[in-house]
Amino acid sequence: MTTTALQLVIKRLAKSSGVNRLHPHLLRHTYATLFLINGGDVFLLQQNLGAHFPGDGAPLRSSGQPDGGGPKPELFAAGSAGG
């Protein structure tokens, strides 16, 4: 699938779903949030999102709540024990 074709699919999805600000990065964030909420491993998530080695990109944070509410987020930095 080409980049243009994917952009058209997302544009049609946005129109049909009524989500005006739908974009690929929002889908990426939604996937990551749901993955962690459902008990997914943060390091597996990094692999799934294309972070091939520790320190690739910003540390991942999760409060366990899709809106960021609830307990203070834990930082999962490269080399940390995860808590």
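The values are calculated or read from the model by the stated rules, or taken from the named source; none is laboratory data. The structure presented is a predicted model; accordingly, all values stated were derived computationally and were not measured. Here the Cβ positions follow ideal geometry from the backbone for every residue, glycine too, while neighbour counts run over all protein chains shown.
Wholly within region 1-50, which helices (runs of 4 or more DSSP H) include no fewer than the required count, namely at least 3 residues that are over 10 Å from the mean Cα position of the chain (by Cα) and among the basic types (K, R)?
Ranges flagged: 3-17.
Kindly indicate whether A58 is among the aliphatic types (A, V, I, L, M), modelled with pLDDT under 90, surrounded by fewer than 11 Cβ atoms within 10 Å (Cβ to Cβ) and within 13 Å of the chain's Cα centre (by Cα).
yes
Kindly provide the set of residues from region 12-46 that are surrounded by fewer than 12 Cβ atoms within 10 Å (Cβ to Cβ), within 22 Å of T2 (Cα to Cα) and hydroxyl-bearing (S, T, Y), ordered by number.
The answer is S16, and nothing else.
Within the set of pairs 6 or more residues apart or between chains, which connect a residue that is within 14 Å of L27 (Cβ to Cβ) inside region 1-17 to a residue that is surrounded by 12 or more Cβ atoms within 10 Å (Cβ to Cβ) with Cβ atoms less than 7 Å apart?
I10/L22; I10/H23; L13/L22; A14/L22
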